[in-house]
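Structure, as structure tokens:
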Amino acid sequence: MKTKLWLVAALVALMSAPALADRRSDAKAQVDFGIRVAQKSLWKEAVYRFEKAIEIDKTYGGAWNNLGIAYEQLGRFDEARKAYETAMELEPNNTFIRNNYDLFREIYDRQGRRRNR
Amino acid sequence: MTVRAVAAIGSVVAALASAGCLSFYEIAVETPIQAKLDVSPFQRVLVAGFLAGGSNNIDPNTETARLLRSQLRTKSELKVIDADVLALVDEVDRRRGAGSGSAPQVETPSDEPKIKNEKDLEEYEKIFADVEFWKKIGEEYQGPLIVTGSVLFTEVAKSGMVSRAQPFIDDRGITRYVEQRQFSNMKGFALAPKFVFIDGRTGAQLYSESFHEEALYQDNQNTPALSSYFELMDKLLPGFLNTLSTQKIKGTRILLK
């Protein structure tokens, strides 16, 4: 009985693996395009692409990081903070995300102080 | 091949694979910082003049008005009004003379500035709350945004321990530096402006912000007051300009694949 259960679990895992890989590769395609448009400073389009990528794969830390950057460029600071923080939750050891977040926080905190004044 | 060797090779392969997959792009960014003040109701700005005091080495009123006008011309969308710079200190003195019933104060030839410190300044600052006065000035120029305030430019002297990088040549002939702390006498200038923004249509104060900067030099270094003034104003200008217009902070971020 136990062996059968293991077999079923292994089969389910094997069947879902390609689906996960497909999702990530679809999301990556959106991120690739988002990066290309971001490099041309088309930040609204970049936001759309990064959001699409996250819609496809919510666990994609890189996409959340990029979305944070894009929101930041559009002055949408509260949303940028949430996006960066989600990216850090998903990839806590990623120093690139941490550095981006630290640089953003310098600006965000300054704006916050001003709002509270 | 031992188990340890297999594990080592495996970890190297894993590291290389992950390095191969790692894709990132450094991108130059310009993060917009919103203006502190909504200036959309105004098309024009009048830098009226300042209550100035402290050192008499320079005329902070004229210098500040001239500098802010030239900065606003190039870095804001408001049209800058060219007008004579108001002598606000004289204006307050004139009122004092009229208020006391005596004859207006007569200018005495003196090297001493009327405002020497912040305490002196307090007496004069009441003019910023004089709605009628500012409304009248606003009417003269068809209701612009009025920039005024106070500028205290004072000489400062400080003594204390300072750190310096002292060069020395090591055994291999390479110049190296070692931090040395020594007692030093420093002198310089402090700049403490307060910028006040007034609605020229109503005379009401919209916003004000104070700054403070100091520049200290070795006491044997002879730095002209005017060059120190510009050095200090350079540090304050981004903060001033950000009151009226959105500023962009340049930097870089890393986009991840």
Report task. Go through (1) at pLDDT 95 or above; (2) within 14 Å of chain A (Cβ to nearest Cβ) and name the single condition B:ALA204 misses. Result -> (2)
Requested in this report: Scan the helices (runs of 4 or more DSSP H) fully inside the stretch A:1-79 and keep the ones with 3 or more residues being among the acidic types (Asp, Glu) and at pLDDT 95 or above.
Outcome: A:43-56
**Report entry** Enumeration of residues in the stretch B:26-43 that are out of contact with any helix residue (DSSP H, G or I) (no Cβ under 8 Å at 6 or more places or on another chain) and exposed (fewer than 15 other Cβ atoms within 10 Å of the Cβ)
**Finding:** B:GLU26, B:ALA28, B:ASP38, B:SER40, B:PRO41, B:GLN43
Report summary line: Among residues of the stretch B:238-250 being under 22 Å from B:ALA190 (Cβ atoms) and away from chain A (no Cβ under 12 Å), the residue surrounded by the most Cβ atoms within 10 Å (Cβ to Cβ) is B:PHE240
Requested in this report: With respect to A:ASN116, determine if the residue is modelled with pLDDT of 95 or more and either closer than 16 Å to B:LYS257 by Cα or away from chain B (no Cβ under 12 Å) (or both).
Outcome: no
Query - Out of B:LYS187, B:LYS235, sole residue that is away from chain A (no Cβ under 14 Å), of a type in the set (D, E, K, R) and buried (at least 17 other Cβ atoms within 10 Å of the Cβ) - result: B:LYS187
Report summary line: Requiring at least 2 residues that are at pLDDT 95 or above, the helices (runs of 4 or more DSSP H) wholly within the stretch B:40-135 are B:60-75
Report task. For residues that are over 15 Å from the mean Cα position of the chain (by Cα) and at positive phi, scanning just the stretch B:138-159, find the one that is surrounded by the most Cβ atoms within 10 Å (Cβ to Cβ). Result -> B:GLY143
Query raised in the report: So which residues in the stretch A:40-76 are among the polar types (S, T, N, Q) and buried (at least 16 other Cβ atoms within 10 Å of the Cβ)?
Result: A:ASN65, A:ASN66, A:GLN73
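The values are calculated or read from the model by the stated rules, or taken from the named source; none is laboratory data. Treat the numbers as computed from the prediction; the structure is a model and nothing was measured. Heads up, the Cβs are rebuilt from the backbone with ideal geometry, glycines too, and the neighbour counts pull from every protein chain shown.
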